[in-house]
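Shown next, in structure tokens, is the structure this report addresses.
The values are calculated or read from the model by the stated rules, or taken from the named source; none is laboratory data. Not measured: the values here are computed from a predicted model. Cβ placement follows ideal geometry from the backbone for every residue including glycine, while neighbour counts extend to all protein chains displayed.
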Amino acid sequence: MRGSAETQQTDLALDALDRQLLNRLQDGFPVCDRPYLAVAREFSIDEDELIARIQRLLDTNVLTRFGPMYHAERMGGGLSLAAMAVPVEDFERVALLVNSLPEIAHNYARDHDFNMWFVIATEDRDDVAAVVKKIQALTGYTVYNMPKIEEFYVGLRFAV
Amino acid sequence: MSACDLLCDNVMQLAECDRQLIELTQGGLPLVPQPYHELARQMGISADEVMLRIQRMQDNGVIRRIAAVPNHYKLGFRANGMTVWNVPDEKVSALGEQIGALDFVSHCYHRPRHPPLWHYNLFAMVHGASRDDVQDHIAAIARLLGDDNHGSDVLFSTRILKKTGLRIRARE
């Protein structure tokens, strides 16, 4: 994908191997006795060096995470995207109320009449509706619940 | 720990051991030469059982994959727009598959409309180096949709209000 020119402008000291590792590690990681060794061998490097590089990529926040990526709904949990149209003068109050609920995983301000967008994640799938009701009661605004009906693709692979 | 003996193939009810594994790894996989052995040591079960359970969770989709999650902002993809489209309901599956396959789209979903305020039924998160870049991508999606595009919008995020990610706790 495009954007490589801008990538060069970031202040990250990523060498060619870091970039290859970033691409490789987005594809998956083995389940075996020495998984780091298995991947290190693909690049003809030591297991220790691979671990050190992953640690550095995490420390410098080039990676936000390294590990199993869980699928909330398959775990029996509920997940939904919801939106609200909040008057600007009331936005901060409502954001605090919404964010105070532990079921709110992400919340973004967006430039639209629907200006607050959040992800509701519950351990039990039936609890999403209750969270929607609770937010409406707390804030006094309508919550437009938009649970996914069908998923087409999740997981951009950033080629770097 | 006795719950570990309960094998549970029903993904609606994760076995206690799987829940523990999820809890131990939601921050990430241990960065030690034998990460699965390390998890096994923490849980007091065998490494073989840890690997078996992780493999099974991958097979049944509880784990999408074990992988690195890059910080796209740090990698230069500084603009992301939530693009939303109004397409015919009977075509949304086919069109969603095509849009989801585009290399600048990270998430693509069919979601419900909320008329009269919200007519969009197809969501695609688009990433680029700049907003101009994102606009180019939007034009590409519009070309792909052709006459099936009955309206669209793009919502840029202006602020992250909260980002904690998924949290699960082991049951008592």
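Scan (1) at pLDDT 95 or above; (2) surrounded by fewer than 17 Cβ atoms within 10 Å (Cβ to Cβ) for the single condition B:Y73 breaks and write down its number.
Exception for B:Y73: condition (1).
Being within 21 Å of the chain's Cα centre (by Cα) and in contact (Cβ under 8 Å) with a residue 24 or more places away in the chain is the filter; apply it to the range A:86-103 and report the residue that is surrounded by the most Cβ atoms within 10 Å (Cβ to Cβ).
Looking at residues that are within 21 Å of the chain's Cα centre (by Cα) and in contact (Cβ under 8 Å) with a residue 24 or more places away in the chain, I get A:V98.
Within the range B:121-128, can one find any residue that is β-branched (V, I, T) and in contact (Cβ under 8 Å) with a residue 12 or more places away in the chain?
Checked the range B:121-128: at least one residue is β-branched (V, I, T) and in contact (Cβ under 8 Å) with a residue 12 or more places away in the chain.
Say we look at the range B:45-59 and pick out the residues that are at the interface with chain A (Cβ under 7 Å from one of its Cβ atoms) and touching a helix residue (DSSP H, G or I) at 6+ places or on another chain (Cβ under 9 Å); which of these is surrounded by the fewest Cβ atoms within 10 Å (Cβ to Cβ)?
If we take residues in the range B:45-59 being at the interface with chain A (Cβ under 7 Å from one of its Cβ atoms) and touching a helix residue (DSSP H, G or I) at 6+ places or on another chain (Cβ under 9 Å), then B:M51 is surrounded by the fewest Cβ atoms within 10 Å (Cβ to Cβ).
Can you report the number of residues in the range B:150-161 which are buried (at least 17 other Cβ atoms within 10 Å of the Cβ) and either more than 8 Å from chain A (Cβ to nearest Cβ) or modelled with pLDDT under 85 (or both)?
Looking only at that region, the number is 2.
So in the range B:88-136, with the set limited to residues that are more than 27 Å from A:Y144 (Cα to Cα) and not hydrophobic (A, V, I, L, M, F, W, C), which one is surrounded by the fewest Cβ atoms within 10 Å (Cβ to Cβ)?
Top of the filtered list is B:D132.
Name the pairs: first residue in the range A:133-158 and among the acidic types (D, E), second residue modelled with pLDDT under 95 and part of a helix (DSSP H, G or I), Cβ to Cβ under 9 Å, at least 6 apart or on different chains?
Hits for this filter: A:E151/B:G100.
Within 23 Å of the chain's Cα centre (by Cα) and at pLDDT below 95: is that true of B:N80 in this structure?
Judged against the criteria, B:N80 is a match.
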